[in-house]
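The values are calculated or read from the model by the stated rules, or taken from the named source; none is laboratory data. Remember, it's a predicted structure, so these values are computed and weren't measured experimentally. Quick reminder, even Gly has a Cβ in these numbers, built from the backbone with ideal geometry, and neighbours come from all protein chains shown. Each accessible area value is taken on the protein alone, full model and side chains, heavy atoms only, with ligands, DNA and RNA left out. Shrake-Rupley method; radii C 1.70, N 1.55, O 1.52, S 1.80 Å.
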Amino acid sequence: MRKYPNSKSLFSSLGSSPFLVLLVVLPLILISVFIFTSCLKTSSCSKYSMPSPLTWRVGFFDNSYTFASLAQSEASVVSYNTSTSNSLYPDDQATSSLRESSDEGAVARGVVKRHSKLEKMEAKLAKIRSSIREAARVRNLTSIYEDPDYVPRGPIYRNANAFHRSYLEMEKLFKIYVYKEGDPPMFHDGPCKSIYSSEGRFIHELERGKSFTTTDPDEALVYFLPFSVVMLVQYLYVPGSHEIDTIGNTVVDYINVIADKYPFWNRSLGADHFIVSCHDWGPRTSSYVPHLFNNSIRVLCNANTSEGFNPKKDASFPEIHLRTGEITGLVGGPSPSRRSILAFFAGRLHGHIRRLLLEQWKDKDQDVQVHDQLRNGMSYDSMLKNSRFCLCPSGYEVASPRIVEAIYAECVPVLISDGYVPPFSDVLNWKAFSIQVQVKDIPKIKDILMGISQRQYLRMQRRVKQVQRHFVLNGLPKRFDEFHMTIHSIWLRRLNIRIHD
């Protein structure tokens, strides 16, 4: 037995002198009180280290790919990196070292450390982040990865190699759990023949259970809240009331149900949950649940930054108007040499941007043809396909189905909006195949478009044809189509966070 010299004499001497006891004990008491008081004043002594509620961009796709942090409440178990470095989760290596050190300590103590399913998944995601970061360093316009179906290439991508690597990793690992609670038609259903077709088709595809879904919630990386705002409005909204409390409270009740029944919502405060909505009221409906609005992944057609859309965690969703529900025969158009109209728009007076456009250009110029309604004998689809540029102004809300219509018609889209984030902007370089005109420059539209050389226009038009595959709808989803690109947007935002048990 090891002996500690003088230990007995030390304590006996202290015990024999009250003055010496006070001399040693009193400073210790004062220090303890000071530390305790400091803990009350700051969050640094709470169970979880509390970084400042800060969001940031971490360069990934051409220094503008978004990786996000989530402002963390005291009960949150989502961790994130507050580094301002231009790399993806640059502290992954440090985190790994700490984990290895912890494991070594457990072994030294004779403790067998077992990792949960979540910890194992997060470890895989950490490796994937690092692999995508490495792929992003390759600045070639063509991906270096082999693919039997399609190899991303060209300036339509921010970084073709990083996108391709991320996409391939998604196909291997990404799993979605669809909550079963809720009854159709307000849950597990949506429209497939209207301006809200994107929402309905996406919900139906997940409900089929064939694409990326799992029946085991423990192996899922994200969780889908399967309510349709369009259907909630159809069945709960009282026309003319201008009040959506019934709709919002239905969402509140639904999330309370799944939070009580499952551990996943409370585990992440909704950060690994997502909704899909193409209705104008999608953002407003989500605001009834603060964690849904602030933490969850919201896939929205109405991707308006002035209304709380946060591209660091939310995803822009293409608005596709299927008038008949048919998805065939939508793509294609004549060659550039057969397009006689410089620019075209037809649409009703919805919102101030369209009012400015119509006031400036309606029926005033044969090159820039702007109409509030087409004359008899004029075909909307034919006008699109005979135009070099298609004007896509925002309406009452920022999104417009004309963007996808223009891409289908192989007409270079001209985006006119305030605060709109185009779909798949993490991956696609919209400047390569579209024109973006500020609202104040509406009177200069003809000058702007006439200033584009024939060579530049032909390049942009070829790129529009190339990017079509990412907006096409298929009866059964095909790789790299609109459905898969939307899934990829969700996958990227799940990569933004790390969740702990």
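Separation between the THR328 and ASP245 pseudo-spin-labels, each 7 Å from Cα along Cα→Cβ, expressed in nm?
Between THR328 and ASP245, the label points sit 5.0 nm apart.
Give me the net charge for the shell around GLY325: Cβ to Cβ below 13 angstrom, other residues only, Lys and Arg +1, Asp and Glu -1. Display every interim value, and only then the final one.
On the way: positive: LYS193, ARG201, ARG323; negative: GLU326.
Net charge around GLY325: +2.
Using the Kirkwood radius over Cα pairs, work out the Stokes-Einstein diffusion coefficient for segment 416-501 at 25 °C and 0.890 mPa s, in µm²/s as a whole number. Numbers along the way, then the final one.
Values: Rh = 15.6 Å.
The Stokes-Einstein estimate is 158 µm²/s.
Would you kindly state how much longer the chain becomes between MET378 and HIS500 on full extension, computed as 0.36 nm times their sequence separation minus their alpha carbon distance, in nm to one decimal?
Extra length from MET378 to HIS500 when fully extended: 38.0 nm.
What's the extension gain from SER337 to TYR150 if we count 0.36 nm per residue and subtract their Cα-Cα distance?
Extra length from SER337 to TYR150 when fully extended: 64.5 nm.
Keeping all protein chains in the complex and leaving out DNA, RNA and ligands, what accessible area do you get for TYR145 with a 1.4 Å probe, in Å² to the nearest 10?
Accessible area of TYR145: about 50 Å².
Given the pairs LYS362/LYS446; LYS127/LYS172; LYS117/LYS210; LYS175/LYS312; LYS124/LYS313; LYS175/LYS210, which span a C-alpha to C-alpha distance of over 18 angstrom in this model?
Correct reply: LYS117/LYS210; LYS175/LYS312; LYS124/LYS313.
How do TRP361, TRP491, TRP281 rank by accessible surface area computed with a 1.4 Å probe, from largest to smallest?
Numbers: TRP361 25, TRP491 0, TRP281 65 Å².
Reading off the accessible areas and sorting them downward yields TRP281, TRP361, TRP491.
Applying 1/(1 + (r/R0)^6) with R0 = 25 Å to the Cβ-Cβ distance of VAL252 and HIS352, what FRET efficiency is obtained, to the nearest 0.05?
About 0.15, to the nearest 0.05.
Over segment 154-268, what is the mean sequence separation of C-alpha contacts under 8 Å (at least six apart), divided by residue count, expressed as relative contact order in percent?
Contact order relative to length: 27 percent.
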